[in-house]
Amino acid sequence: MKKTITLISALMLSACTTIHFDKEPAATTAVVKKEEWHHNLVLALYEASDPVALNNICGEQEWVTVKTETSFLNGLASSATSAVVGPLWTPKTVEISCK
């Protein structure tokens, strides 16, 4: 029972985060080019994924927004590993929009 209460408390206290980097106002017509997971390790102190290369993703187009988000699915995956080996892996979803 104590483990169940602890698990429910941990899930209720966890939160999703989103960070937007906008180059232009949101009213522009942007097409989402790519969405991928970005992997951080050891309390997010080490990046396991390569940096996002906007030139490679957008090509000749200009980037409009970059959004990094800890979604519910990211949090669920992270907490599954945290329950077994501790907070070693913290994935985020990165979404790049180009015009």
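What follows is calculated from the coordinates using simple rules that are stated; it is not laboratory data. In this text, all values refer to a predicted model and were calculated from it rather than measured experimentally. Counting neighbours? That spans all protein chains shown, and the Cβs are built from the backbone with ideal geometry, glycine included.
Name the long-range amide H neighbours of SER49: under 5 Å, sequence gap of 5 or more, or other chain; modelled H, no Pro or chain starts.
Under 5 Å from the amide H of SER49: HIS39.
Tell me whether the range 26-99 comes out rounded, prolate or oblate; compute the Cα gyration tensor, take square roots of the eigenvalues as a ≥ b ≥ c, and use a/c under 1.5 as the rounded threshold.
On the way: a/c = 3.83, a/b = 2.22, b/c = 1.73.
In terms of gyration-tensor shape, prolate.
Using the Karplus curve 6.51 cos²θ - 1.76 cosθ + 1.60 with θ = phi - 60°, what ³J(HN,Hα) values do you get for each residue of the range 70-76, in whole Hz, with x for Gly and Pro?
3J(HN,Hα) across the range 70-76, in whole Hz: 9, 7, 4, 5, 4, x, 5.
Could you list which residues have their amide H under 5 Å from that of LYS34, counting only those 5 or more apart in sequence or on another chain, with H placed in the peptide plane?
Result for LYS34 returns ILE96.
Taking H placed 1.01 Å from N in the peptide plane, check which residues at least 5 places from GLU62 or on another chain put their amide H under 5 Å from its amide H.
Amide H neighbours of GLU62, under 5 Å, 5+ apart: LYS99.
Along the Cα-to-C-beta direction of GLU36, a point sits 7 Å from the Cα; which residues of the range 77-99 have their amide N less than 15 Å from that point?
92-98
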